[in-house]
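These notes are about the structure you will find just below.
All of the numbers you see were taken from the coordinates with simple rules; none came from a lab. This is a predicted model, so every value here is computed, not measured. Note that we place each Cβ from the backbone using ideal geometry, even for glycine, and neighbour counts take in every protein chain shown.
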Amino acid sequence: MTGPDLPSLRETVARHGLDARKSLGQHFLLDPAVCARIAALAGALDGRHVIEVGPGPGGLTRALLASAAAEVVAVELDRRAVAALAELAAAHPGRLRVVEGDALKVDPGALVPAPRKIVANLPYNVATPLLVGWLRGAAALEGMTLMFQQEVAERICAAPGAEAYGRLSVLAQWRCRCDMLLRLPPGAFSPPPKVWSAVVGLTPHAEDPGSVLFAAMERTTAAAFGQRRKMLRGALKSLGDAEGLLAAAGIDGTRRAETLTVAEFDTLARVVMKVGGR
Ligand code: SAM
């Protein structure tokens with residue numbers, strides 16, 4: 001997969017002075033076998049347009065290019081890494097496009113045609129806002145295979161009643177089927193992070209709630225979990241008539257946010273949308 005003409009990933013890092021920067025959440029995967037495993041977790045890639053955020057020295061990028069993906073478009077903030085990927089792009093004419101920029105400002109739907117998949121070892125400092133943005137536009141995506149800090153991955157996949165269940169669990173599971181696919185120890189990365197990491201697979205549900213309902217769900221979950229120890233009739237006061245909203249949704253106001261299922265949040269968010277809650 002490294003290809004006869006490509007330097008090893010360690011050589012790429014050394015040649016381009018890619019010493020990892022904390023401010024950019026840089027923890028590189030330099031083992032081609034691990035990169036291949038993560039690419040395989042993305043499922044079928046043939047004919048897909050794959051977006052990779054933060055390719056860094058390009059280990060995962062190489063694995064993605066070894067698949068039958070139509071193209072890989074890699075968005076990278078670090079100019080040093082963009083330069084390091086030029087060699088890889090030359091080795092795969094017309095199949096790798098490197099975009100220098102902030103992934104938070106990039107719309108996947110505008111970047112590549114469908115079918116689109118996002119595969120990434122995410123920079124941990126912006127992983128949550130990136131995910132929420134992609135969930136908002138999930139209808140345009142076929143799937144996402146994303147590496148997070150394990151604690152964030154657990155929040156994404158948590159069930160009601162679990163301590164990790166919160167706003168991110170509801171938003172993610174409301175829009176996607178979420179599967180914990182792989183856990184990796186700190187030593188799998190260079191430099192090693194302080195904590196374990198995990199890959200989550202997110203497959204968007206067919207139904208698209210649309211942007212207005214998504215915004216209502218964001219407001220609802222932010223209010224409910226913002227004061228998660230409170231009963232919902234107190235926690236939802238910031239949305240307006242909390243008791244009225246809960247009654248319309250058929251939800252007992254003495255319950256706490258962590259006990260509500262994703263389906264109950266869906267009902268509540270639809271009520272909030274209708275009354276245009278604050
Ligand atoms: N994919 C590489 C790997 O697995 O070895 C690097 C992963 S590293 C955890 C995260 C990468 O995201 C770094 O290359 C970093 O420069 C890049 N990055 C950080 N913030 C970014 C942003 N806002 N937009 C795009 N890339 C970003």
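Laid out as a table, the results:
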item: Approximate spin-label separation Lys194-Glu151, in nm, with each point projected 7 Å along Cα-to-Cβ; result: 0.8 nm
item: Point-charge dipole on Cβ atoms (K/R +1, D/E -1) for the chain, about Cα centre, debye to 20; result: 660 debye
item: Calculated FRET value between Ala68 and Thr261, using beta carbons and R₀ = 41 Å, to 0.05; result: 0.60
item: Distance in nm between pseudo-label sites at Leu111 and Ala159 (7 Å out along the Cβ direction from Cα); result: 3.4 nm
item: For peptides 157-167, 70-80, sequence by mean Cβ density within 10 Å, most packed first; result: 70-80, 157-167
item: Residue-averaged [θ]222 nm for the chain, counting only DSSP H segments that reach four residues, each worth -39500 (n - 2.57); result: -11000 deg cm²/dmol
item: Simple Cβ-charge dipole of segment 210-275, Lys/Arg +1 and Asp/Glu -1, about Cα centre, in debye nearest 20; result: 220 debye
item: Cα-projected label distance for Arg21 with Arg79, points at 7 Å along beta-carbon direction, nm; result: 1.0 nm
item: Rh by Kirkwood over Cα pairs, then Stokes-Einstein D for segment 3-204 at 1.306 mPa s and 10 °C, µm²/s; result: 94 µm²/s
item: Alpha-carbon centroids, segment 169-189 and segment 11-51: separation in whole Å; result: 17 Å
item: Rounded Å value of the spacing that divides the Cα centres of segment 109-152 and segment 192-238; result: 15 Å
item: Gaussian network model of the chain, springs between alpha carbon atoms under 10 Å - residue of Thr61, Thr145, Thr254 with greatest fluctuation; result: Thr254
